[in-house]
Amino acid sequence: MLNRPTFRIIPPALILALLSVLAIYTADAQDPPRPPEPKQTPQQKDASDKKGESRQANEHTADKDAIIRVDTDMVLLDVTVIDQNNTPVMNLKKEDFSVHEDKVKQTVESVSREEVPVSFGLVVDTSGSMKPKLQTVSDAAVSLVKQMRIDDEAFVASFKAEPELVQDFTSDRRELEHAIGNLYTSGGTALLDAIIATADYAHEKGKRRRKALVIFSDGLERNSSVKEKEVMEAIKENEVQVHLVGFIDEEMEDKRPSGKSPAKKAKDLLSVIADDSGGRAYFPKDVGEIPAIAAQIAEDLRTQYVVSYYPTNDNRDGAFRNVQVSVNSQGIRKLIARTRRGYYARNEKGRSPATTQKKSRGN
């Protein structure tokens, strides 16, 4: 398969490195020389970090995210339930939910609606075609930042002909707002590359169990190096919810004698990506709808149920398991459950094979 697209990250300012060297030189001049401490490789540091996380989980710390990782075989699904009017439904109980894995009914262990911290990314299409919409989109992104809770974290990325990390994960709202304010438009659109790069980043660097992307784009793919199939595989692997806001040019929705119009293809692609991740796709007709959409996305992230179960299939074969969640309708009120389409089972070594495959493609 093709190599995964990655961010173009602007390196830290050289002056910080010079200051560090100066500080070390000053310390050496004042203190007697000591044997140098062995340096950790990135792999060693990552292993050390993971050991620390494991200890925290086993000690049952007060961190809800740490506690939730103790039962490694338990499947946790973030589920949004809405009615036919797209109104969130928040009074459901465990007996209202049904879960099927590979068409086999599962026993639901618990259902909760606790507000948990979120790691999310704000991903903005800054190609030339987005110039008239950039200010409104930026305002919507800032409104999402302003609604962050104290334990939330977010990053900002943009994409033209390639994705770029503008601000890495932080809980500092001012830094995020500053990054959004510095966005500018130019160049082409590599939407698929951006989805894979940002989903990988959220999965690997996000500290919270619940992870999401909010992507603003005109949806017309032009410059990506990857194919749609690879994007769908990345969505399965990363378990990151994708909320897409697509500005589709109605003039491109022309009816053709054969085949779909570019606009129809773009809508279908964005809808499938969002649905498979447990997120949602929006297609505003006017930029004036963006503030309401941003508020809806924020509410969706806050009003999700956590549905947990132990799968009856306990084989550690590394295979993908398809999951379906349904809810009992309330009288004439039809209820719809949205969640990710499935997950990868762990292999015999207790690890997700999808992570290994992703790393090998990134090399």
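The values are calculated or read from the model by the stated rules, or taken from the named source; none is laboratory data. None of the values given here were measured: they were computed from a predicted structure. Counting neighbours? That spans all protein chains shown, and the Cβs are built from the backbone with ideal geometry, glycine included. Accessible surface is based on the protein model in full, side chains and every heavy atom, while ligands, DNA and RNA are left aside. Shrake-Rupley method; radii C 1.70, N 1.55, O 1.52, S 1.80 Å.
When the label point is put 7 Å from the Cα of residue 83 along its Cα-to-beta-carbon vector, which residues of segment 307-339 have a backbone N closer than 16 Å?
Answer for this model: 327-337.
What is the packing order of peptides 126-135, 105-114, taking the mean over residues of other C-beta atoms within 10 Å and listing the highest first?
Packing order, densest peptide first, comes out as 126-135, 105-114.
How long is the gain from residue 178 to residue 286 if the chain were fully straight, where each residue apart is worth 0.36 nm and the alpha carbon distance is subtracted?
Between residue 178 and residue 286, full extension yields 36.3 nm more.
Stretch residue 147-residue 73 to full length: gain in nm at 0.36 nm per residue minus the Cα-Cα span?
Residue separation times 0.36 nm, minus the Cα-Cα distance, leaves 23.3 nm.
Full extension from residue 93 to residue 317: what is 0.36 nm times the residue separation minus their Cα-Cα distance, to one decimal in nm?
Contour length minus the Cα-Cα distance gives 77.4 nm.
Over the alpha-carbon set of segment 131-196, work out the extent along each principal axis and list the three values in angstrom, largest first.
36, 25, 15
Using a 1.4 Å probe on the protein heavy atoms only, what accessible surface does residue 101 show? Give it in Å² to the nearest 10.
Using a 1.4 Å probe on the heavy atoms, I get roughly 10 Å².
Ranked from highest to lowest mean number of other Cβ atoms within 10 Å per residue, what is the order of the peptides 230-242, 83-95, 272-284?
Per-residue mean Cβ counts within 10 Å order the peptides as 230-242, 272-284, 83-95.
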